[in-house]
Structure formats: C-alpha cells, structure tokens
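For reference, the structure discussed in these notes is given below.
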Amino acid sequence: MTTSTPQPPQPGALPGAMYTSPIPVRPAHLGHALASEWTKIRSVRSTLWTLGVFVALVVGIGLLVAWKSAGSDFSDVPYTVPALIGLLLGQVCLTTLGVLVVTSEYGTGMIRTTFTAAPQRHRVLAAKFLVFFALAYVVSVVSITVVGLATAAMNVVPEGSGQDWGTTALTGALYVSLLGVLGLAVGSMLRHSAGAITVMLGLVLVPAIMPAFLMMSDSLRGVGEVMLAYNAPNALSALFGLPMYDSASHGVPQLLALLGLTVVAMGGAFALLEKRDV
C-alpha cells in the first residue's frame, strides 16, 4: 500500500485543512535559551551598574592599596591581596545582580512571556545560572588579575614572593561568583527582589557580626566559632592567604561549604519552578 504526502491546501480550501509553513521549524535547545538570557542580561541597566560598581571597588581600592604598599609587604602574601578589600565590598554587588537576574522578570511580568516562548522551565533557569556565572566569574577574574599585575609592577618585591597569585584570582573569583549564583537561586525561590536581597545580605553579614556576641556565652561558643570560621570575610581572606581565623585550610573548606549550599539552593529553585504557577 502506498501513501501520499500531504499537500498544502490551495487558495480557497476549506478551513481546517493541513498547512505546511514555508518557514523552517527547528526544535529549541539549551543554546537558544543561553542566547536569550545573554541578550537579556547584557541589555538591562542593572547589569551595567552593578558590575561597574563591582569593578570600581575591586580595581579602584586595589590600586590605591597597592600604591600605598611597600615591596616588603608582599614577602609572604600574593600580589592580589590589595584586591581583597574591594572584593569584600564588591561581593554584595554580585549577590544583588544574581537576585535581579530572575526577580526583575517576575516584577515586570516578563517571566510569563519567557515561559510562553520556552515552556521547558528548567532549561530557562539553567541558562540563567550558566550565563550569570560565566559573566560574574570572568569579570571577577579580570578585576583581580588587573590588581595583581599592577601591584607587581608598582612594587619591587623579594625573589619568590607573591607566588601563586594566579590561584588566588581564580579561587577568589569563584567564591564571589558562587555567592551570586546563590542569590539567583534564592531569587528564583522567593520571586521578590527586596526579600531575596535581604536574605542574601543576612547570609553574608550576619555570620560576620554574630560571632562577637555568641562567643561571650560558653554554651553558644561552638556556634560562634563555626560562624567565625565560615563567614564570607574570613573565607575570602583565607583564599588570599590572610586568614583571620583558620590558617591551615587556605579557605578550601569554606569554598566547598559555599559550593554545597549553592547546589542545594539550585536544587530547591528547580523543584519549586516546576511545581508553582508563574
């Protein structure tokens, strides 16, 4: 038995007849979602402002510290240490941007258009995570590297000092970028800019402040010591070779703890995205 190929209806054909569009239809994939999210993140003003402030803090403060430093200051620390102060402040910019990447669409209602164009919601959220992390990580690495190179050029340091400064640029950028991804996951779960930013500020600032009060009590001293060891300022300082609490781990446990927390938050964001209405 032979079958005939359906033909497009001729002019004047009855309604409901089969129609073949002359425009080629291609199945959507992750690459399309990545292109869409890249277009969105680079075309909104919040990205320019937050990343601009981040770069100004890391590079500006870093160059100022490097200018006021002496070569002997880097006898046992990497050249990128001057970027640490700006990074401690700039991490707030990346966490805020991570929140806004997703909550701004909920605030304007554009998320409905996004999910209508791309019904597979997990693909959209995955693209947001990937695009934001790549952008935040590249900007962070470049900013820290600029400070490291400038510090090395402005200071005559002893032979062998400042070694492994490239590693600190990679790990420091990874830490603050993961904070931003965590903010994106929290924003996806809460779907509210002010609430998600408040939660992220609490996660960054409270563990840095509370140990001073908790360690006054013998019963709460253990909690205070954990907060002191794993708060963001101590973690970044340890990654840059200037630990304020733990001198042996070089920030690796803190980085792994943040990675684990971020993965858990991302899992929660994906789970809630599929269960809730827009």
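General remarks:
- Alpha carbon Rg of region 53-107, scaled by the compact-globule rule 2.2 N^0.38 Å: 1.51
- Normalised convex hull volume, region 169-278, alpha-carbon set, Å³ per residue: 111
- Once the convex hull of all Cα atoms in region 42-155 is built, its volume per residue stands at 93 Å³.
- Percent carbon-and-sulfur accessible area, region 176-278, ignoring ligands, DNA and RNA, probe 1.4 Å: 72
- Simple spin-label estimate for Thr39 and Leu64 gives 4.1 nm between the two label positions (7 Å along the Cα-to-Cβ direction from each Cα).
- Model label sites at Arg26 and His192, defined 7 Å from Cα along the beta-carbon direction, differ in position by 4.2 nm.
- Protein-only accessible surface order, largest first, of Val147, Val206, Val92 at 1.4 Å: Val206, Val92, Val147
The values are calculated or read from the model by the stated rules, or taken from the named source; none is laboratory data. Keep in mind it's a predicted model, so treat the numbers as computed, not measured. Counting neighbours? That spans all protein chains shown, and the Cβs are built from the backbone with ideal geometry, glycine included. These accessible areas exclude ligands, DNA and RNA; they are computed on the full protein's heavy atoms, side chains included. Shrake-Rupley method; radii C 1.70, N 1.55, O 1.52, S 1.80 Å.
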